[in-house]
Amino acid sequence: MKKYDQISFPQGFFWGATTASYQVEGDNHNDWSEWEKSEERMSDLRARGLIEKYGLENFISGQASDHYVRFQEDFKIAKELGHNATRISIEWSRIEPEEGKFNGEEIEHYKKVVAILRELGIEPFVTLWHYTLPVWFSRKGGFKNENSPEIFARYCAYVVEKLGDRVRFWVTINEPELYADDSYLGGVHPPQEKSRMSQLLVIYNLIRAHCKAYEVIKELSRNAKVGIAKNNQYFEAYQNKWANRLRKRFKDWWWNFYFLNQINDYQDFIGLNHYFYHRINCGFNENRTQKVSDMGWELYPEAIYHVLMDLTRYHKPIYILENGLADAKDEKRAWFIYETLKNIHKAINEGVDVKGYLHWSLLDNFEWREGFWPKFGLLEIDRETFERKIRPSANFYRDVCIANGITEGIVDAHQSLIAPEFSNTSTQQREEG
Ligand code: IFM
């Protein structure tokens, strides 16, 4: 008797994983590399005992995952793992290290990156900006500067002119609302401001920057598809109480839809990054937190179904550009991917036009203020030798990518990975580095 109903994804579905330049490349010089070594940052880490706990090297991106050197090896492994798509990002500070002066050698590097992906039959999704700023731009106020949209669009124009015909999918900006929150409201990322005015100004300028970049890209590359990577969360109104519904409405409006609404005439697809679920009860989070990642983030795979259903309002194809978990022991990753994919499939069955799933991340990497301890990679990286090791969950994911779905055979072969026993607590609780 059949134990499992096979699920198949639409033909031409994109399967793969994502990385971001600063988190994996190594040897970058930008606002982050300066900030993470600043006296202010060091004394904060020391005061909280985090250097003692994790070691100083945890918080210095340095060689990161050495991907700038090893990209060919990494993409060959991705190919072996059945991926037909990869999302990378271009490091703005490499391309335009001084204002208005573009570095031809660096663009050659990214041409090689795109070329190897194409050779391997892997579709590149290219992000133009993923959090880090050239030092000269951050000194001008970054995205608080009123000319920042034009400055950003000029950089985008240069990259697209050079790579345009080789890249179809462009992602202008990664997670604008998180960037504005962490850097300008929460003050936990550079430039560590805590100002509502600055946060709103940055969001306003990021909207303008995206729209300008959209126009420039479309002009230079007619077949380009352009979008952003939007971090959307599932806010559930606990017990459907009216007060909770009201709060959910506000949260949805501001966090999930505001930015997308503003740029809706300037996006060809919705790029979704999804990680979080919040069950709202009178302003408090009432999450079940039965299963959590190493960072203490709740693992609630049903959330993505709701997030996807909510995105149908835009009537645009959706690419899931990030989704994943920190799981050093690789105990939960296969289960999480399995359950997440079932929920994505359910949304597709109900008419949502999801066209791809890219897991975060291909490689263990530098998780911003947390540093290197959270392990998000399908590939584990030895921090001494930089040797790559395929995690067992990556093999489960490989079988799904190759089959373009989940078959009874795949479930049988990976049973112990996708139905593990869970402890109720995280292996390591989140530390705000
Ligand atoms: O590492 C980050 C990435 O840079 C942006 N999206 C979320 C990931 C996990 O926190």
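The values are calculated or read from the model by the stated rules, or taken from the named source; none is laboratory data. Source: prediction; values computed, not measured. Cβ placement follows ideal geometry from the backbone for every residue including glycine, while neighbour counts extend to all protein chains displayed. In case anyone asks, the SASA skips ligands and DNA or RNA and just uses the protein heavy atoms, side chains included. Shrake-Rupley method; radii C 1.70, N 1.55, O 1.52, S 1.80 Å.
The table below gives the values:
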item: Cα lying deepest toward the dipole's positive end in the chain, options 267, 413, 395, charges on Cβ; result: 267
item: Cβ-Cβ FRET estimate between residue 349 and residue 204, R0 fixed at 30 Å, reported to 0.05; result: 0.20
item: Relative contact order [Cα under 8 Å, 6+ residues apart], the chain, whole percent; result: 20
item: FRET efficiency, 1/(1 + (r/R0)^6) with R0 25 Å, evaluated for residue 60 and residue 101 via beta carbons; result: 0.35
item: Solvent-accessible area, 1.4 Å probe, carbon plus sulfur percent, for segment 262-355; result: 43
item: Percentage relative contact order, segment 76-172, counting C-alpha pairs under 8 Å, at least six apart; result: 37
item: Sulfur and carbon atoms: percent of accessible area, segment 71-177 [1.4 Å]; result: 43
item: Theoretical FRET efficiency, 1/(1+(r/R0)^6), r = Cβ-Cβ of residue 408 and residue 34, R0 41 Å, to 0.05; result: 0.15
item: Charge dipole magnitude, Cβ of K and R +1, D and E -1 - segment 279-337, Cα centre, debye nearest 20; result: 160
item: Burial ranking of peptide ranges 109-120, 405-416 (average Cβ count within 10 Å, highest at the top); result: 109-120, 405-416
item: Unit charges at the beta carbon, dipole of the chain: most positive-side option, 35, 59, 308; result: 308
item: Residue-normalised accessible area of segment 276-409, expressed per residue, 1.4 Å probe, Å²; result: 34
item: Sum of -39500 (n - 2.57) over DSSP H runs of 4+, divided by residues of the chain (222 nm, nearest 500); result: -11500 deg cm²/dmol
item: GluC sites (Glu not before Pro) restricted to segment 352-397 and DSSP loop, no more than 13 other C-beta within 10 Å; result: 384, 387
item: Per-selection Kirkwood Rh - the chain (Cα, Å, 1 d.p.); result: 22.1
item: Per residue, in Å², the accessible surface of segment 100-194 once ligands and nucleic acids are set aside, probe 1.4 Å; result: 36
item: Computed label-point distance, nm, for sites residue 390 and residue 11 using a 7 Å Cα→Cβ extension; result: 2.8
item: Bridge type composition, the chain - antiparallel percent by DSSP, nearest 5; result: 20
item: Column: log10 I(q)/I(0), Debye, Cα scatterers of segment 252-366, q = 0.16, 0.17, 0.18, 0.23 Å⁻¹; result: -0.82, -0.92, -1.02, -1.39
item: Of 280, 240, 255, farthest towards positive along the dipole that unit charges on Lys, Arg, Asp, Glu beta carbons give segment 153-305; result: 240
item: 156, 282, ranked by accessible area, largest first (probe 1.4 Å); result: 282, 156
item: Unit charges on C-beta of K, R, D, E only; dipole of the chain, Debye; result: 1260
item: Solvent-accessible ranking of 65, 38, largest area first, probe 1.4 Å; result: 38, 65
item: Greater than 18 Å apart at Cα, pairs in 144/194; 162/218; 76/389; 230/251; 225/346; result: 225/346
item: Segment 287-419 - charge dipole about Cα centre, Lys and Arg +1 at Cβ, Asp and Glu -1, debye rounded to 20; result: 240
